1. Scan segment 59-83 residue by residue and report those that are within 29 Å of Met1 (Cβ to Cβ) and of a type in the set (Phe, Trp, Tyr).
2. Take Met1 and decide whether it is in contact (Cβ under 8 Å) with a residue 60 or more places away in the chain and loosely packed, with under 12 Cβ neighbours inside 10 Å.
3. Pairs please, first residue from segment 27-47 and surrounded by 13 or more Cβ atoms within 10 Å (Cβ to Cβ), second anywhere and not in a helix (DSSP H, G or I), Cβ atoms under 7 Å, 6+ apart in sequence or on different chains.
4. In segment 1-49, which residues are closer than 30 Å to Ile80 by Cβ and more than 21 Å from the chain's Cα centre (by Cα)?
5. When you scan segment 50-68, how many residues do you find that are closer than 30 Å to Tyr87 by Cβ and in contact (Cβ under 8 Å) with a residue 24 or more places away in the chain?
Amino acid sequence: MTSETVISIAEQGIMAVLIVCGPLLLLALVVGLIVSIFQATTQIQEQTLAFVPKIVAVLVGIVVFGPWMLNYMVSYTSDILSNLTRYIG
């Protein structure tokens with residue numbers, strides 16, 4: 001296995017992680033921003049107020065994006081495992 005192959009496999013793995021985690025991270029970012037704006041306008045400085053909406057939003061995001069994320073990861077894993085003999089040999 002050449003160094004180019006290893007770098008290519010690592011690049012595909014990093015891209016898969018970013019693609020799968022991206023929607024949930026973006027959702028948490030947007031909800032956190034909305035909660036922060038709400039806290040700034042109402043001057044409520046409760047620390048736990050920021051966590052509960054983010055957790056709920058991420059759980060809803062997992063329900064919504066879960067099948068797509070699972071399908072993407074299964075296809076990526078299937079691709080890696082089907083080409084395993086090419087990578088090793």
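Values in this text are rule-based calculations from the coordinates and carry no lab data. Owing to the predicted nature of the structure, the values given are computational and were not obtained by experimental measurement. Here the Cβ is made from the backbone with ideal geometry for all residues, glycine too, and neighbour counts use every protein chain on show.
1. As a first pass, look at segment 59-83 and keep what is within 29 Å of Met1 (Cβ to Cβ): 69-83.
Within segment 59-83, Tyr72, Tyr76 qualify.
2. Working: in contact (Cβ under 8 Å) with a residue 60 or more places away in the chain: yes; loosely packed, with under 12 Cβ neighbours inside 10 Å: yes.
The answer is yes for Met1.
3. Going by the 7 Å Cβ cut-off, the qualifying pairs are Gln39/Gln45.
4. Once the filter is applied, which keeps residues that are closer than 30 Å to Ile80 by Cβ and more than 21 Å from the chain's Cα centre (by Cα), segment 1-49 yields Met1, Thr2, Ser3, Glu4, Thr5, Val6, Ile7.
5. Selection size over segment 50-68: 1.
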